[in-house]
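Written below as structure tokens is the structure these notes are about.
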Amino acid sequence: MAVPCKRGLLLFAICVTTLPVRADEIQLKDGKTFYGVIVAYDNNMFKVKTDFGFILVEKNKIAAILPMASETGKTEVKPAGRKPVRPEAANPEQEQVKMGAAADTQPTAEPAMVSSLERPARVSSTAVKPALPAIAPAARPAAPAIKGTPSSSTSALAVPVATPAPPEPEVPANREEVQGNVYTNYTHGFRMYKAPSWKLIDDARTALPNAIVAMGTFNESTLMVVGREKTKQPLDAAATTVEKRLHDVYLNYRQISQQKTVVGGLPAVEYRYRGKADEHDWSGTLVVIARGNDILTALGMTYADTDLIQIQENVIARAITSLDFNVR
């Protein structure tokens with residue numbers, strides 16, 4: 001009689017071609033069947049000796065145990081949980097007996113000891129996972145630390161890290177005041193005329209390089225900026241340097257006149273020009289003034305494409321000529 005091969009997910013294949021002599025037929029609730037001799041019961045587990053070694057079977061997984069019949073034809077029924085009596089012959093056609101008497105047997109306090117040569121395998125209706133060493137829960141993967149210097153192939157492609165620029169020096173506070181039409185700057189020691197329609201432009205000192213103060217009309221169609229140059233050049237060289245900057249600011253820059261003059265009792269160079277910027281034509285006057293080791297500038301500009309150009313040019317001229325450097 002040939003019996004189909006029964007396989008478990010992680011157990012060796014049990015392929016039975018002939019019935020073993022003096023063995024029980026053990027039927028599981030999931031329909032699986034195997035043959036062996038029950039040799040012990042402990043902790044709700046049957047220890048069964050088969051031709052391939054010892055295995056452990058959970059009691060609640062067993063549907064029936066059918067002892068093999070003796071030569072006299074008498075069938076012996078073995079309830080689960082009792083120590084089996086070795087059968088004399090095999091007769092699998094006898095009546096199956098349910099495992100109702102298993103509760104009568106009390107398990108021992110200690111499980112049966114199994115030697116390393118007969119390590120049992122647990123048989124159940126579900127797949128049995130192999131015993132593996134304990135594995136710690138997977139931690140969040142960490143980025144590998146970069147060590148050593150990069151190879152020549154990768155360093156050639158590396159993007160250079162830009163050195164951060166040093167912070168801009170803080171602009172010193174201005175001690176200044178406006179009284180009527182007179183603006184006075186105590187920090188830099190000068191005063192000048194301020195037209196009634198002009199207002200101080202608060203952010204000019206941070207927006208314009210070297211600016212001390214800026215003022216102008218509400219729509220900034222007319223502007224006046226007083227600044228201090230960071231240079232040790234003499235007056236003529238400094239004036240040439242400042243005037244060249246106007247070429248970069250205006251489109252179609254045209255110098256109208258250049259002359260040496262005196263402003264507030266100090267030597268100066270005056271430039272008058274025209275140019276286009278911000279979609280407007282501008283008329284401007286630049287005065288570069290030497291005060292000891294300092295170079296001061298006064299730049300006035302107004303729209304040249306309005307009817308007020310003559311009036312605003314006169315206001316700019318008055319503001320420049322009013323500069324007084326005797327403030328202490």
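Every read-out reported here was derived from the displayed coordinates using simple, explicitly stated rules and does not represent laboratory data. Worth saying up front: this structure is predicted, and the values here are computed from it rather than measured. So basically every Cβ, Gly included, is an ideal-geometry build from the backbone, and we count neighbours across all protein chains shown.
Here are a few things to note about the model shown:
- Fully extending the segment from Thr306 to Ala207, taken as 0.36 nm per residue of separation minus the present Cα-Cα distance, adds 33.0 nm.
- Karplus 3J(HN,Hα) series, Hz, for the stretch 248-253 with 6.51 cos²θ - 1.76 cosθ + 1.60 (x for Gly, Pro): 7, 8, 10, 7, 6, 5
- Projecting label points 7 angstrom from Cα along Cα→Cβ for Glu220 and Val327 puts them 2.3 nm apart.
- The HN-Hα couplings worked out from phi for the stretch 303-310 by the Karplus form 6.51 cos²θ - 1.76 cosθ + 1.60 (θ = phi - 60°) are 4, 9, 9, 10, 6, 8, 4, 5 Hz, whole numbers, x standing for Gly and Pro.
- Placing unit charges on the Cβ atoms only, positive for Lys and Arg and negative for Asp and Glu, gives the stretch 176-321 a dipole magnitude near 500 debye about its Cα centre.
- Cβ-derived FRET efficiency at R0 41 Å, Gln233 paired with Lys199, nearest 0.05: 0.80
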